[in-house]
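Q: The structure follows.
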Amino acid sequence: MSTNPCDSRLLALENWLRNDLTLNIFSIAPASSDASFRRYFRIQHSHGPHIVMDAPPDKENVSAFVKLDRFFEGYGLQVPHIVAENLSEGFLLLEDFGNTSLLQSLNNESVDALYAKAMQQLLCLQTRIEPHLCQTHHYDQALLNRELDIFSEWFVQGLLGAKIPEAIKATLYQHLIHSALEQPKVCVHRDFHSRNLMVLNDQSLGIIDFQDAVIGPITYDLVSLLRDCYISWPDERLEGWIQDYYQMLTHANKLDVTYPQFKRWFDWMGMQRHLKAIGIFARLHLRDHKSGYLQDIPRTLNYVLAVSAGYPEFIDFHSFLKTQIVPIYQEYL
């Protein structure tokens with residue numbers, strides 16, 4: 001095994017593994033990367049494979065990951081066990097959940113069973129953990145507002161050179177933020193989608209990338225899973241899964257609203273999340289030079305168009321998207 005001599009972080013990581021943890025390493029190779037500054041390496045050593053997280057302390061809060069990992073593990077959620085930590089340098093040695101994500105495993109035949117497993121994990125997160133125990137931030141009005149601004153700043157203005165009329169923007173924000181804030185509050189993973197759920201050897205699902213968890217709306221993680229930015233399903237199948245989870249929450253005494261109300265919360269929460277995601281995908285391209293996420297904008301934008309078309313509260317925003325944003329975006333493509 002040879003380490004890139006120009007990669008000082010990787011050299012320091014290897015020094016920690018070999019000298020501080022005294023591991024006899026056979027190989028170290030990139031395991032995955034994400035939209036943040038974190039990197040992951042898979043190491044093979046005399047005690048088996050592990051994952052090493054490299055999270056530069058000046059850019060990533062590794063302490064938040066450690067706290068939440070141990071907190072979630074204590075409540076029975078299947079998160080990677082932390083084997084060793086070096087918080088000062090931003091290194092963690094983690095249980096290896098393998099290479100197979102939920103996204104790689106989903107197809108027309110497998111999706112019902114796999115989503116059922118994912119929703120059981122989500123139900124555990126939302127019913128076993130009282131929100132006040134999460135010891136994390138709230139999804140408050142200020143945060144929701146900032147997230148919606150990502151769409152207008154990075155996608156509409158940054159990528160397309162356009163601008164949302166202030167009256168349309170104000171109405172959009174008002175409805176989406178009010179809907180989010182009126183929902184029951186639970187512990188929210190915040191990125192509970194098919195790339196952050198791993199299919200393990202026993203076919204159970206492991207959960208990763210939860211360090212940005214917050215206390216927030218009960219539909220947020222469900223819409224992340226079912227209206228995934230990376231894969232989509234026919235509306236009739238989606239409706240069945242939403243109804244299934246609504247029944248699960250009702251039986252667990254976590255909901256006291258009608259299904260139409262829950263579905264509206266789900267739809268509007270999805271709009272908020274998808275607008276933010278579109279803005280983040282544009283930002284990753286423009287600021288961070290990670291252009292691979294541009295391919296996920298059309299699917300995500302289609303979600304927004306479909307939902308905004310179905311509610312009179314968003315008729316002006318839908319018209320703005322259809323008549324102004326979509327034509328400019330198609331030219332960009």
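We did not get these values from a lab; they are worked out from the coordinates using the rules stated. These numbers were taken from a predicted model, which means no experiment stands behind them. Every residue, glycine as well, gets a Cβ built from its backbone with ideal geometry; the counts of neighbours run over all protein chains shown.
Q: Please list, in chain and number order, the residues 5+ apart from H138 or on another chain whose amide H is under 5 Å from its amide H, with Hs placed from the backbone.
A: Amide H neighbours of H138, under 5 Å, 5+ apart: I215.
Q: Nearest-5 percent of antiparallel DSSP beta bridges in the chain?
A: 95 percent
Q: In straight Cα distance, which aspartates and glutamates are under 15 Å from K322, not counting same-chain residues fewer than 8 positions off?
A: Straight-distance partners of K322: E331.
Q: Which value in nm describes the separation of the simple spin-label points at D149 and T171, placed 7 Å from the Cα toward the beta carbon?
A: 2.3 nm
Q: Compute the acute angle (0 to 90°) between the alpha-carbon long axis of helix 235-251 and the principal axis of greatest extent of the alpha-carbon atoms of the chain; round to the nearest 10°.
A: 80 degrees
Q: Under a plain spin-label model, where a point goes 7 Å from the Cα along Cα-to-Cβ, how far apart in nm are Q157 and A84?
A: Each label point is offset 7 Å from its Cα along the Cβ direction, giving 4.7 nm.
Q: With each run of n ≥ 4 DSSP H residues scored as -39500 (n - 2.57), what mean residue ellipticity at 222 nm is computed for the chain after dividing by its residue count and rounding to the nearest 500 deg cm²/dmol?
A: -14000 deg cm²/dmol
Q: Ok, one more. Over the chain, what is the relative contact order in percent, taking alpha-carbon pairs closer than 8 angstrom and at least six residues apart?
A: Relative contact order of the chain: 15 percent.
Q: What nm distance separates the two modelled labels at H137 and H47, each placed 7 Å from Cα along Cα→Cβ?
A: 3.5 nm
Q: Any idea what angle helix 166-181 forms with the longest principal axis of the chain, computed on alpha-carbon atoms, 0 to 90 degrees, nearest 10?
A: Long axis of 166-181 versus the principal axis of the chain: about 60 degrees.
Q: Taking the Cα atoms only, what angle lies between the long axis of helix 141-150 and the longest principal axis of the chain, rounded to 10 degrees?
A: Here the helix axis deviates by roughly 90 degrees.
Q: When averaged across all projection directions, what area in nm² does the alpha-carbon convex hull of the stretch 8-94 cover?
A: 5.7 nm²
Q: Note the listed values (i) 49; (ii) 20; (iii) 25, then indicate which one is percent of Cα pairs over 35 Å apart calculated from this particular structure.
A: (iii)
Q: Then there is this: Strictly over 28 Å apart at the Cα level, which of K117/K254; K67/K185; K163/K263 would you flag in this model?
A: Going by Cα-Cα distance, K163/K263 fall outside the 28 Å limit.
Q: With the contact rule set at Cα under 8 Å and sequence spacing of 6 or more, what percent relative contact order holds for the stretch 8-94?
A: 22 percent.
Q: Something else about it: Round to the nearest 0.05 the FRET efficiency obtained for S8 and E236 when R0 = 56 Å and r is the Cβ-Cβ distance.
A: The calculated FRET efficiency here is 0.60.
Q: Compute the distance from the alpha-carbon center of the stretch 74-127 to that of the stretch 253-315, in whole Å.
A: Using only Cα atoms to place each centre, the spacing works out to 23 Å.
Q: Normalised by the number of residues in the stretch 167-316, what is the relative contact order in percent for Cα pairs under 8 Å and 6+ residues apart?
A: It rounds to 24 percent for the stretch 167-316.
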